[in-house]
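Notes for the one structure printed next.
Since every read-out is calculated from the coordinates, none of them should be taken as a lab result. Predicted, not measured: the structure shown is a model, and the values here were computed from it. We place every Cβ from the backbone using ideal geometry, glycine too, and count neighbours over all the protein chains shown.
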Amino acid sequence: MVSGMASSSVGWRELPYARVPLNLDGSGVVQDSFELRVDAGSQAHVHLISGVRTQGDMMRGKETEILGIFADGRHARIAEDGLVVLPGTHCKHVRLLHRQITGFRTYMTGELFDVMCAHSLLRASVQTPDGVCSANLLETVSRDAFAGGVREASECGLAGSLFQTRVRDFLHCVPPVVNRWFLSGLLIGSEVTDLAARELDAPIVLAATEPLNAAYLLAFEMLGLQKRLTVVPPEEVALASLRGHRVLLAPCAKADMNPVH
């Protein structure tokens, strides 16, 4: 069972997007099955899941995670009226109302971080000689750098803050391994600042694996959103797609148990 980009125009087989509102019980999700040749002697049965779109945005894969996060009545209050934040390469802020996905917004936070680290003027200020970042957010110096990035982005905006990454390196001799956390704080801080301005009252579910869970949690706390925040344990987030697949397979299993003749 496969969700995500496998059903896109650059995947195995393109499926049309489902449209919002999309029920959290999975009804309305576009699905298809086919046989995939593995080698000369065998085939695999593939159950493919499409994504979901609004009038101005789209996602493939995160919707399956959401079905898993809210399966079996989990987080019922937020499913009725709330917001889900799913960090990643393309972070999604997903609006829920009456147990339906009603809208969402995409932030290219993770991809921007990768591009800045590899291809921008800032790359020399955030890359270590061996290309491995050994610092983690539990270390005080890294946490302070990340928090500084969040503050800078919330006060000056992203475009007015990015060059500070180079300034910290060139004028203040901040090590690149630490400076990466400042850049991360800028990008995540800009995203969460925008969320705080748009969603003034809605309760929020944060669903991320580590180290993004700790980073986003710190940004939420710094920007005063912790009282509205419910954090899904990272180990549960890691199983969200699997649980979403189970939600989508349940009607198929019932049909197999009660065949129509």
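Here are the numbers for this structure:
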read-out: For ALA18, residues with placed amide H under 5 Å, excluding near neighbours; value: VAL30, GLY51, VAL52, ARG53
read-out: Neighbourhood net charge (10 Å Cβ-Cβ; Lys/Arg +1, Asp/Glu -1) for LEU158; value: -3
read-out: For segment 182-193, Karplus couplings with θ = phi - 60° (6.51, -1.76, 1.60), whole Hz, Gly/Pro x; value: 5, 4, 4, x, 4, 6, 5, x, 5, 5, 6, 4
read-out: Radius of gyration and Dmax over the Cα atoms of the chain, both given in Å; value: 20.6, 77
read-out: Förster-model FRET efficiency, 30 Å R0, ASP25 and LEU229, C-beta, rounded to 0.05; value: 0.75
